[in-house]
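Engineer: Can you read through this structure? Questions will come right after.
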Amino acid sequence: MSLNPPAPALRLRLDHAALEHNWRVLNAMSGEARAGAAVKANAYGLGIDAALPVLRDAGARDFFVAHWGEVPGLLPHVPADQISVLHGPLNAADCAYARAVGVKPVINSVHQARLWQETGGGRCDLMIDTGMNRLGIAHEDAAASEIAALDTDVLLSHLASADEESALNHRQLVRFAQACAAIPARRRSLANSAGITLGPDYAFDVTRPGLSLYGGVPCPALEGQIRQVATIEVAIIQCRDISPGETVGYNATFTADRPIRAGVVSIGYADGFLRSWGGKGALRSHGAALPILGRISMDMVIVDLAAMPSLREGDWIEVPYDLPEAAQVAGLTQYELLTILGQRFQRL
Ligand SMILES: *Cc1c(COP(=O)(O)O)cnc(C)c1O
């Protein structure tokens, strides 16, 4: 007999209504274009099984992952031909997999274009580099015969600085428009979350928001529009009284200067709650701040319960995960805060 273990003492709640709201806002801001969804890295750490049906039911029809290994997680929820694999095919086995399953490889180089055609061809997407110098065919390769031979569904490019005012945005737009004129494709796509705010010229046919679907606010134009999607709750696994002069945690970086009622809480850096929160962050209970004492451990953090002395072992408290604010406190990007969330959460 196999017995299921009890639920863990840390949980990640996904607000379905907020996720749906965010997709709708970004879709509306995309104007004539339809918003798709970047769902790579397990929907930015939040859980593909929970997030994908919400995005699909809201109206998304184009889903972007980075790796081939991410495809099986999407197939129970959306048709294979709506899935694009951004890293593209590295070899014949990748091409065979894409063809057998029916997902689209994103072709990123003339070499990949040749590989895709030689192994049988078929519908694909095509990335052109317009100035980021990451993935995509070079501008000069737009006229190559291997590129013209492709059956391209979506022609894509990616903005390097959409979240700031930069001359690069317009330069990339101009280059992308040139590529659109030169390369036959059914649809075109340039904008990520922040790119959607740059105006209708940047929207084309499909937009590819990721971060802002999940509550991220990468630029001022999205402030007040995007709702928080993920909330984190953790249980107190032990309460203890600490006398003045005693120290707390690894390397004794905190010394009590008064009697302290402390709570030991079940979240640590192995769960993505990094040491950068130590010494400045606070957990919360009903609005009251519970400052973090000393270093974050792998599986635990210790907090000062003075603001909520009634808390007991087994009680749940919150990790503040409003992304723009949390990014300030932890010194991490909003992207990092989402994608580092570990495997031990009960995802609700
Ligand atoms: C990750 C990614 C996106 C989504 O970007 P956000 O900034 O999270 O909105 C869009 N397009 C490509 C190619 C990506 O790699």
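The values are calculated or read from the model by the stated rules, or taken from the named source; none is laboratory data. Remember, it's a predicted structure, so these values are computed and weren't measured experimentally. Glycine also receives a Cβ, built like all others from the backbone with ideal geometry; neighbour counts cover every protein chain displayed. Protein only, heavy atoms only, side chains kept; ligands, DNA and RNA dropped before computing areas. Shrake-Rupley method; radii C 1.70, N 1.55, O 1.52, S 1.80 Å.
Engineer: Enumerate the helices (runs of 4 or more DSSP H) found wholly within the range 30-79, keeping only those where 1 or more residues are under 16 Å from the mean Cα position of the chain (by Cα) and within 12 Å of the ligand (Cβ to nearest atom). Break it down stepwise before answering.
Structural biologist: Working: elements: 40-44, 48-58, 71-74.
Result: 40-44.
Engineer: Okay, moving on. Under 9 Å between Cβ atoms, which residue pairs at least 6 apart in sequence (or on different chains) link something in the range 197-216 that is over 11 Å from Tyr335 (Cβ atoms) and more than 12 Å from the ligand (Cβ to nearest atom) with a partner that is in a helix (DSSP H, G or I) and aromatic (Phe, Trp, Tyr)?
Structural biologist: Tyr202/Phe176; Phe204/Phe176
Engineer: Residues in the range 287-305: is at least one touching a residue at least 24 places away in the same chain (Cβ under 8 Å), among the hydrophobic types (A, V, I, L, M, F, W, C), open to solvent by less than 50 Å² (accessible area, probe 1.4 Å) and within 16 Å of the ligand (Cβ to nearest atom)?
Structural biologist: Looking through the range 287-305, none of the residues is touching a residue at least 24 places away in the same chain (Cβ under 8 Å), among the hydrophobic types (A, V, I, L, M, F, W, C), open to solvent by less than 50 Å² (accessible area, probe 1.4 Å) and within 16 Å of the ligand (Cβ to nearest atom).
Engineer: Give all pairs with beta carbons closer than 6 Å in which a residue from the range 224-238 that is open to solvent by 20 Å² or more (accessible area, probe 1.4 Å) meets a residue that is part of a strand (DSSP E or B); count only pairs at least 6 apart in sequence or on separate chains.
Structural biologist: Qualifying pairs under 6 Å: Thr231/Arg13; Glu233/Arg11; Glu233/Trp316; Glu233/Glu318; Ile237/Val264; Gln238/Val264.
Engineer: Can you name the condition, by its number, that Ile147 falls short on among (1) within 26 Å of Arg61 (Cα to Cα); (2) within 16 Å of the ligand (Cβ to nearest atom); (3) touching a residue at least 12 places away in the same chain (Cβ under 8 Å)?
Structural biologist: (2)
Engineer: The conditions are (1) of a type outside the set (Asp, Glu); (2) at pLDDT below 95; (3) farther than 24 Å from Ile226 by Cα, and Val264 fails exactly one of them. Which is it?
Structural biologist: (2)
Engineer: Okay, moving on. Tell me, please, whether a residue that is of a type outside the set (D, E, K, R) and in contact with a His (Cβ under 7 Å, 6 or more places away or on another chain) can be found in the range 98-111.
Structural biologist: The answer is no, given that none of the residues of the range 98-111 is of a type outside the set (D, E, K, R) and in contact with a His (Cβ under 7 Å, 6 or more places away or on another chain).
Engineer: In the range 98-144, how many are under 15 Å from Gly88 (Cα atoms) and touching a residue at least 40 places away in the same chain (Cβ under 8 Å)?
Structural biologist: Selection size over the range 98-144: 9.
Engineer: Are any of the residues in the range 137-152 open to solvent by less than 30 Å² (accessible area, probe 1.4 Å) and closer than 22 Å to Gly31 by Cα?
Structural biologist: No, there is no match, as no residue in the range 137-152 is open to solvent by less than 30 Å² (accessible area, probe 1.4 Å) and closer than 22 Å to Gly31 by Cα.
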